[in-house]
1. Going by the conditions given, is R202 at pLDDT below 95 and more than 30 Å from P37 (Cβ to Cβ)?
2. I'm told D78 meets every condition in (1) at pLDDT 95 or above; (2) surrounded by 12 or more Cβ atoms within 10 Å (Cβ to Cβ) except one. Can you identify the failing condition by its number?
3. Identify the residue in the range 82-99 that is more than 14 Å from L207 (Cα to Cα) and not in a strand (DSSP E or B) and, among all such residues, is least open to solvent (accessible area, probe 1.4 Å).
4. What is the residue count in the range 93-116 for residues that are within 16 Å of the chain's Cα centre (by Cα) and farther than 28 Å from P35 by Cβ?
5. So for the range 46-66 (the condition being at pLDDT 95 or above and in a strand (DSSP E or B)), does at least one residue qualify?
6. Scan the range 177-205 residue by residue and report those that are touching a Phe, Trp or Tyr at 6+ places or on another chain (Cβ under 9 Å) and more than 20 Å from L156 (Cβ to Cβ).
7. Could you tell me which numbered condition G21 fails, if it satisfies all but one of (1) touching a strand residue (DSSP E or B) at 6+ places or on another chain (Cβ under 7 Å); (2) under 22 Å from R116 (Cβ atoms); (3) open to solvent by 20 Å² or more (accessible area, probe 1.4 Å); (4) at pLDDT below 95?
8. Going by what's in this entry, would A130 be described as more than 17 Å from R191 (Cα to Cα) and of a type in the set (A, V, I, L, M)?
Amino acid sequence: MMTLAGAGAAAAVGAALLLPGGQGSQAAEAAPGQPVPGDPLTGAEVARAGAIASATSRAHMAAGRINLLYVERDDGKDAEERRRAEAYLYDYATDRLIVRTVDLGQGRVVKEAVTRGVQPPPSRAEEVRAAELLLADPTYGGGVREAYARAGGGQLRSASDLGLRGLIFTPGHEAGARRCAAHRCVRLFVRLPGNTWLDTSRIVVDLSAKKIHTLEW
C-alpha cells in the first residue's frame, strides 16, 4: 500500500503541486514608502492582520482546535479606500471556516463570516500536521520512516524533513473515509530524498478527527 513511486508518480501529482497552499498567498515584500490600498500586503501587514484576527481565538489555537490558514488582501468594495486583510481560520471541533476582515488602519476586526462546507487548500502548517499524524500512526508510521531511510535520507527527524504537498479530499464512491464529507481531510503527497515518492494513494488524513483513513475501492 505504501511503496516508493518513481518519476511516474511525480508526474501524476505534478499538476497538483502547483495548487496554492502556503500562508499569505498575496503577501509581498514591503515596497519603499507607505503602501496604498491597492498594493499587495506586506509581510508585516500579513503578520499584524493574523495577530489581530487570532486575538480572540488564542486559547483554542494553543489547544489545536483552531488554526490560522491564510491571510490575504481584502479585495472587496472598500479595497480602493482602505488597507484591509482577510484572515481565514478553521475550527476543527465544529468544522467551520471563519473569515475575519481586519482593517489595518483601525487595527481591529470589522467583519466576520462563518460557513460550513467550504474547504480552502491546506496551509503549510496543516501539511506538516498531517504528516505528523501519519508518522504517529501505528500502521503507517514505521513504513514511512523505513522508506525515508531506504531513499538515502537516514533517520527521519521530523515531519518537516519530508517534501509535502496536501490537497483537500472530498469523498466520492470510496469507502473508508465517509466522515470526510463534513471533516477537513487531506490527501498528502510525500516526496522522499532522491526525488522518489511515497505511495500514499489510499491514505487520507482527517485533521478534524486527528486520525488516518484507508480508502477502499
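The values are calculated or read from the model by the stated rules, or taken from the named source; none is laboratory data. The model shown is predicted, which means the values in this text are computed figures rather than measured ones. Methodologically, a virtual Cβ is constructed for each residue, glycine included, from the backbone with ideal geometry; neighbour enumeration extends over all protein chains shown. Side chains are part of the model used for accessible areas, which takes the heavy atoms of the whole protein and leaves out ligands, DNA and RNA. Shrake-Rupley method; radii C 1.70, N 1.55, O 1.52, S 1.80 Å.
1. Yes, satisfied.
2. (1)
3. Selected residue: R83.
4. Applying the first criterion (within 16 Å of the chain's Cα centre (by Cα)) to the range 93-116 yields 95-99.
Next, only the ones that are farther than 28 Å from P35 by Cβ stay: 95-96.
Qualifying residue count for the region: 2.
5. Yes, there is a match, as at least one residue in the range 46-66 is at pLDDT 95 or above and in a strand (DSSP E or B).
6. Taking the range 177-205 first, the residues touching a Phe, Trp or Tyr at 6+ places or on another chain (Cβ under 9 Å) are 177, 180, 183-187, 189-193, 197-198, 200, 202-205.
Across the range 177-205, the qualifying residues are A177, C180, H183, R184, C185, R187, R202, V204.
7. Checking G21 against (1) touching a strand residue (DSSP E or B) at 6+ places or on another chain (Cβ under 7 Å); (2) under 22 Å from R116 (Cβ atoms); (3) open to solvent by 20 Å² or more (accessible area, probe 1.4 Å); (4) at pLDDT below 95, the one that fails is (3).
8. On the way: more than 17 Å from R191 (Cα to Cα): no; of a type in the set (A, V, I, L, M): yes.
No.
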